[in-house]
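Data first, discussion second: the structure below is written as structure tokens.
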Amino acid sequence: MNREMTRRSFGLLATAAVASFAGKKSLAQPASGEPIRIGFSTPLSGGLAGNGRSALLAQQVWGDDINARGGLLGRPVKLVYYDDQSNGASVPGIYTKLLDVDKVDLVISSYGTALIAPAMPVIVRHGMAFISLLGSGTNEMFKYGRAANISPVGRKMNEDFAKGFFEVAKALDPAPTTVAIAGLDSDFSNRAMESARTQAKLRGIKVVYDRAYPPSTVDFSPIVRAIQSATPDLVFFASYPPDSVGLLKAVRELKLTAKMLGGGMVGPQVTAIKAQLGAQLNNLVCWDVYAPEPTMDFAGTTAFLDRYRAVAEAKGAETLGLYAPPLAYAQMQVLEQAVTRAGSLDQAAIGAELHRDSFPTIIGELRFDETGEWVEERNVYVQYQGIVGNDLQQFKKPGVQVILYPPQYKSGVLRPGFPAA
Amino acid sequence: MLDPVLIVNAIVSGLLLGCLYAIASMGLAVSFGMLDVVNIAHPAMMVLASFVIAGLCSQSGLDPLLTALLVAPAFGFLGVGLYRVYHHFFEQSGDEAMQGLAFFFGLMILIEVSLVLIYGADQRWVETSYGGHTLSLGPVDLPLRMLLPAMMSLACIGALFVWLRRSFTGRAVAAVAQDRDALRFLAINPIRIKAVAFGISVALAAIAAGCLIVVQPVDAHSGHVFIGRILAIVILAGLGSLPGTLVAALLFGVIENLAATLWGPAWSPAVAFGLLLAVLTVRPQGIFGGAHT
Amino acid sequence: MSRLLRFHLGLAATGIVLIFALRLIGNDYAWYTGYVILQYVLLSVAWNVLAGYAGYVNFGTAAFFATGAYTTILLTKSLNLDLVLCVLAAGLISGGLGLAVGWLTLRLRGVYFSIATLSLAVVLQTLVVNWSYAGGSSGAYTMRPQGNNLFGNYSEFLFVLMLVLALGAIAAAAWIERSRLGMGLAAIRDDERAAAAAGVPTLRLKLIATAISGAMMGMAGAPLPYYASYLNPEAAFSLTYTINTMAMTLIGGTQSWVGPVIGAVLLSALQQGATVTISSAGNLLIVGGVLILFVMLAPKGILGLVQASRGKGGAA
């Protein structure tokens, strides 16, 4: 029936976990009693499966960690999850099953807006505390008071998302005056493009090309050539993995040059695309959620990445684990801390804790506002620098994905121009 | 927006894209158009072949276009076997219309889901030596990533045409498309001929797969992008007209890229499929189809 | 009591028994699962009106279904119309759409009609994606009311609504089978040219069938925004609806309304079960595998198997 979390490498994990958390927690007591069951739906097949599978691995690593540390409220933790096939229509059914039939104690969300939003009415009706993973605006309509969202874009994505990109561009000399915007016709990309328009207007930068393309696009050369003929200083793409590759290939072939190119591209973050593009990523300035730079090395980050990579290697999943996995682990950490602070499984108490204080996690200190969004946006913009060939190992090292924004995590300086000289 | 250089480049890139559509559609033009076997799993077979080619290339370092030629015969034999199954279960009992369609639909799902289960949800790709290079003729750019698959596509389509005209079996295939019973008088088993033709259509899917993996990375569901387009192209051409399929594919590519350049890419699928609906309404036999449909 | 009355009373009784049985189970999951199964019963019965009775394969189930869903989204947003009225409107609009597509393509061979319906899905999806009032590619939220006047629980209300629609569709399908329309469609299915030569108004009958089938599919989609709360074009136009509907009907058997009902209940119950047990991509593998096995080994579906075992042969 339900999948139990893997308990392989339990001993190893236990040691590592105790070592990394020993300073913070009291000595581990063995967990006892009925397990606390955490229910969720997750995309293990379909379009979002890549992210769903890697997020699940991270959540399982957390499960092993916490059980090694003596469990949650002294009880062992068990994950109960079902595949939603990346299909939003199957989500409400799964959550009613989890809550009404399986009677799980806690719930977390599936991955992304399209799979989070359909769960909301069920969650609200049951009054469950709900921590979601990379949604955008899923609580805007519901204004549900017991929700938190693990997404660095914050509450005003339509305004703030591209801020970092334009802040970074300020370092260019001479200052940029024109920008081209192109992106996929999807919720996330449309919001990203909207924010680029807002930011450009705010800074008096002229938008010289502004188009969305459909998901089925095969040939990107008409788009890139039209951008080329508009000769913009900045190029802001908002794309998803398949089209990120298509766009960057067309940029290279048609020799599109710009003072700075990149934007809200989803794709370079994931392992398969890093391996594919390799050195072609050099000088790309791209939105991200995490980068293995010394400025973003929080308590437990390195330990998590090491453990995750060991498991992922064995399972042939997303091996670098720099995109969804740290966020998914942080999602579980927030849940853990909220439950611990509430001291019980009372959902109202857990929901209240979500907005009370900040949460130290492996992606930094998180604080949520009343709708569950991050109080401060923390869209990271990285520039790929000094990549040689397609070897994946180099992406594990600092200095390759140099953080240029936000200022508190800045770890290097902008290299102007795209492509890299 | 009416910069002539942009327009010329849109047409040229549209032609290159059209060549990819052509090789992808040609197999379906043979199976659907000539044999009346509506193989909607054709794009899924193409994706399957792409995965196979990507796997072979990453191990051997061979060129994907060359590898495609090597795996094509294997896919051809697979196609022959598949046709035997199809014929046994559907054509013989006269259930081919709906049951056969459902059979290929099921096959499509099986291929896609198996690919996800075996290879995971990630993209597959092949690195080629000519990947980022571009041939420039004055203001016109020809990326080798598009140009070489286009040439491969045209060469294979040319070979197919010659084979259908010149060889005995080829002419038998053409005859079977015209009149199923005519062959019996020549003491040729039409089922054998149709099996060969279906094998060729699946082999063409493998060739198209080689072209596809050079053009773009592929995941298990990449076939969905093509299914509507290649059906539209085959219909637009008039079923069974192979030269018509080539022209329709080129036309489709050019319209898509022109629409993207002139009105923005958001509308290009609607323009292309709107054209199909219009053709179906005004000239149901397709642009190049004869009256016999 | 006439046979017809008995049949309708039987349907109504089945419905009432179902409602009370699920009330006994007493949790929302039962309503949700029941809703999904009934939604597929409705879609399959609708698809079969064209495929089983007239022999025309519709590849655009998702297009008609999504048209219904977006009718609700638009009417709720603009006029705040009650869901029941939205369902009726969805039926009208999807029926009209069926009529229009049919008028454009039904003079052609069946396979062209199939391709045209497939293109219809692409064109409509592109339209919706570019229509920002309908939510565009970002999708639209539809807030469900807390409860309903008659039913305390909105999930129960949605279930009952879908139940009424599904039973209504079954009654309509059963009526078509016995009517002159059904006989005309059967003549078209067996040999369209001969039917036309014998004076059957083929085009008119096919148009009526397409409109009825489209209307039913639209009504099946209309409650979806309330069921899911959030809908984007990708989900509404999902190929899954087309695939499942076809598979369910063919597995059940196309000769009468009983086939799609059996197929839809069996296969969607299997899928719902697999989602919460096997819970992996293997789920769709089952659908594909079962479909292939059935069309190869039992081309007349479960219905055909049952009839064969009763010694009646494959009567249509």
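The values are calculated or read from the model by the stated rules, or taken from the named source; none is laboratory data. All values derive from a computational prediction rather than experimental measurement. Glycine also receives a Cβ, built like all others from the backbone with ideal geometry; neighbour counts cover every protein chain displayed.
Some points to look at:
- Going through (1) more than 14 Å from chain A (Cβ to nearest Cβ); (2) under 21 Å from the mean Cα position of the chain (by Cα) one by one, C:L5 falls short only on (2).
- Among the residues of segment A:159-173, those that are assigned to a loop (DSSP other than H, G, I, E, B), of a type in the set (A, V, I, L, M, F, W, C) and more than 20 Å from A:V289 (Cβ to Cβ) comprise A:A171, A:L172.
- Taking each residue of segment C:234-245 that is facing chain A (nearest Cβ under 9 Å) and under 16 Å from A:G47 (Cα atoms) and looking for partners that are of a type in the set (S, T, N, Q) and not in a helix (DSSP H, G or I) with beta-carbon atoms closer than 7 Å, six or more apart or interchain, yields C:A235/A:N87; C:S238/A:N87; C:T240/A:N87.
- Listed conditions (1) within 14 Å of another protein chain (Cβ to nearest Cβ); (2) over 12 Å from the mean Cα position of the chain (by Cα); (3) outside any helix (DSSP H, G or I) are all met by C:N58, apart from (2).
- When residues in segment A:386-408 are screened for being touching a residue at least 24 places away in the same chain (Cβ under 8 Å) and surrounded by 19 or more Cβ atoms within 10 Å (Cβ to Cβ), 7 of them pass.
- Being within 12 Å of chain B (Cβ to nearest Cβ), within 28 Å of B:G138 (Cα to Cα), part of a loop (DSSP other than H, G, I, E, B) and at pLDDT below 95 holds for only one residue in A:V245, A:V218, A:V224, and it is A:V218.
- Selection over segment C:110-126 of residues that are more than 7 Å from chain B (Cβ to nearest Cβ) and not small (G, A, S) gives a count of 5.
- Residues (surrounded by fewer than 24 Cβ atoms within 10 Å (Cβ to Cβ) and without any contact (Cβ under 8 Å) to a residue 60 or more places away in the chain) located in segment A:137-156: A:G137, A:M141, A:F142
- Residue that is farthest from the other protein chains (Cβ to nearest Cβ) [pool: residues in segment B:103-130 that are in a loop (DSSP other than H, G, I, E, B) and surrounded by fewer than 16 Cβ atoms within 10 Å (Cβ to Cβ)]: B:S129
- Screening segment A:279-303 for residues that are closer than 23 Å to A:K259 by Cβ and part of a helix (DSSP H, G or I) and picking the one that is nearest to the chain's Cα centre (by Cα) gives A:L281.
- Flag for C:G102 being assigned to a helix (DSSP H, G or I), farther than 19 Å from B:L277 by Cβ and more than 14 Å from chain A (Cβ to nearest Cβ): no
- Residue in segment C:251-266 that is out of contact with any His (no Cβ under 7 Å at 6 or more places or on another chain), at the interface with another protein chain (Cβ under 7 Å from one of its Cβ atoms), in a loop (DSSP other than H, G, I, E, B) and surrounded by fewer than 21 Cβ atoms within 10 Å (Cβ to Cβ) present: no
Every residue, every condition in (1) facing another protein chain (nearest Cβ under 10 Å); (2) acidic (D, E); (3) in a helix (DSSP H, G or I); (4) farther than 24 Å from B:S268 by Cβ, yes or no:
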residue: B:N9; (1), (2), (3), (4): yes, no, yes, no
residue: B:G14; (1), (2), (3), (4): yes, no, yes, no
residue: B:C19; (1), (2), (3), (4): no, no, yes, no
residue: B:L28; (1), (2), (3), (4): no, no, yes, no
residue: B:S31; (1), (2), (3), (4): no, no, yes, yes
residue: B:D36; (1), (2), (3), (4): yes, yes, no, yes
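- Listed here are the helices (runs of 4 or more DSSP H) enclosed by segment A:62-153 that have at least 1 residues being at the interface with chain C (Cβ under 9 Å from one of its Cβ atoms) and more than 19 Å from the chain's Cα centre (by Cα): A:91-96, A:120-126.
- Test for C:G95: is it at pLDDT 90 or above and either surrounded by fewer than 19 Cβ atoms within 10 Å (Cβ to Cβ) or within 17 Å of C:P225 (Cα to Cα) (or both): no
- The residues in segment A:360-385 that are under 17 Å from A:N282 (Cα atoms) and either surrounded by fewer than 21 Cβ atoms within 10 Å (Cβ to Cβ) or aromatic (F, W, Y) (or both) can be counted, and the count is 3.
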